[in-house]
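See structure below.
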C-alpha cells in the first residue's frame with residue numbers, strides 16, 4: 001500500500017471517529033457528514049447513512065427479497081456476500097430506484113425516503129452505483145471522462161462556453177492520483193486494461209462526491225495486483241463515504257474488512273448472518289448455503 005493512501009485513509013478514519021464521538025447540537029448524537037441539513041438533503045445526525053426495513057420484492061411469485069432489513073452507518077465500509085440468487089443485485093436496484101419493492105421502506109439518512117424518488121433524483125442526492133461491467137466513454141481520454149463527471153451545469157450552452165477552474169483542475173488531478181491513472185491522463189479510455197477502466201469509473205463516481213457508494217463485484221476480472229490496489233483505494237475512502245461492496249472474492253473481502261468490520265450474508269432474499277468475517281465463516285448455516293465444507 002502506498003504511503004499516500006495509507007496517510008489519506010488514516011486521516012479519514014480519524015476524522016470519522018472524531019465525528020462519531022463528538023457532541024452536537026442534536027443532543028450528543030453523531031454529526032454524520034458534518035454539514036447543516038437543508039431542505040431536500042439527507043440528515044445524517046443519527047449516524048445512519050442507509051436504512052432498509054422489511055423490503056420485499058417479488059418477480060412472478062419468486063421473492064427476490066423477503067422482508068429484508070439492513071442498516072449502513074455513516075462512513076462505514078460494509079461487505080455483502082452470498083450465493084447467486086441471494087438478492088444482492090436486487091437490493092442495489094431497490095436502493096437506486098431501478099426496482100420498486102412490494103413492501104417496506106428505504107431511507108437515506110433520516111429524512112429522505114428513496115421510494116418517493118426517481119433514479120436520477122437518487123443519484124443527485126448522493127447515491128452512486130458501480131455496476132459489474134465498467135461503463136466509461138471509451139473514445140474519450142481519461143481526463144475527459146473525469147471532466148464530464150464533474151458536478152456542473154451540463155446544458156448545451158453552459159457546456160459550450162465553460163472552462164475548468166483551477167479548483168476543478170486540482171480536483172481532477174487529485175482523483176487521477178487516487179485511482180492510479182495519473183500517468184494515463186491523456187490515454188484513450190478504450191485502451192485501458194479492465195482494472196484501469198474499473199478505477200476510472202469509480203473515479204467518475206467520486207467526482208460527483210456521493211455520500212453512499214454501491215459497488216457490485218468491483219474486482220471481477222482484475223489481476224491480483226489490481227485487486228490489491230482496489231482494496232487500498234476503498235480503504236482510503238472509508239470514513240469520508242459510506243461504501244457497500246457486493247463481492248464473491250473472499251480474499252478481497254478479507255482485505256477490506258481487516259478482521260474488524262461487519263459482513264452481511266444474504267440468502268433467499270433475507271439476511272442469513274451478520275458479523276465479523278471470521279465469525280460468519282464459522283457459521284454453520286453460511287457454510288452450508290454458501291462457503292461449502
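Couple of notes before you dig in:
- Being touching a residue at least 60 places away in the same chain (Cβ under 8 Å) and buried (at least 17 other Cβ atoms within 10 Å of the Cβ) is a property that residue 70 has.
To keep it simple, each residue is scored yes or no on (1) at pLDDT 95 or above; (2) closer than 22 Å to residue 76 by Cα; (3) surrounded by fewer than 20 Cβ atoms within 10 Å (Cβ to Cβ).
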| position | (1), (2), (3) |
| --- | --- |
| 99 | yes, no, yes |
| 102 | yes, no, yes |
| 120 | no, no, yes |
| 126 | no, yes, no |
| 133 | no, no, yes |
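- The lone exception for residue 200 - which of (1) farther than 27 Å from residue 287 by Cβ; (2) surrounded by fewer than 23 Cβ atoms within 10 Å (Cβ to Cβ); (3) in contact with a helix residue (DSSP H, G or I) (Cβ under 8 Å, 6 or more places away or on another chain) it fails: (2)
- Residue list for region 90-142, filter: over 22 Å from residue 215 (Cβ atoms) and without any contact (Cβ under 8 Å) to a residue 12 or more places away in the chain: 113, 116
Yes/no per residue for (1) closer than 26 Å to residue 290 by Cα; (2) without any contact (Cβ under 8 Å) to a residue 40 or more places away in the chain; (3) surrounded by 19 or more Cβ atoms within 10 Å (Cβ to Cβ):
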| position | (1), (2), (3) |
| --- | --- |
| 194 | no, no, no |
| 212 | no, no, yes |
| 219 | yes, yes, yes |
| 226 | yes, yes, no |
| 231 | yes, yes, yes |
| 240 | no, no, yes |
| 247 | yes, no, yes |
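- Some residue of region 47-66 being in a strand (DSSP E or B) and without any contact (Cβ under 8 Å) to a residue 40 or more places away in the chain: yes
- Number of residues in region 254-266 that are surrounded by 20 or more Cβ atoms within 10 Å (Cβ to Cβ) and closer than 26 Å to residue 64 by Cα equals 4.
The values are calculated or read from the model by the stated rules, or taken from the named source; none is laboratory data. The model shown is predicted, which means the values in this text are computed figures rather than measured ones. Note that each Cβ is placed from the backbone with ideal geometry, even for glycine, and that neighbours are counted across all protein chains shown.
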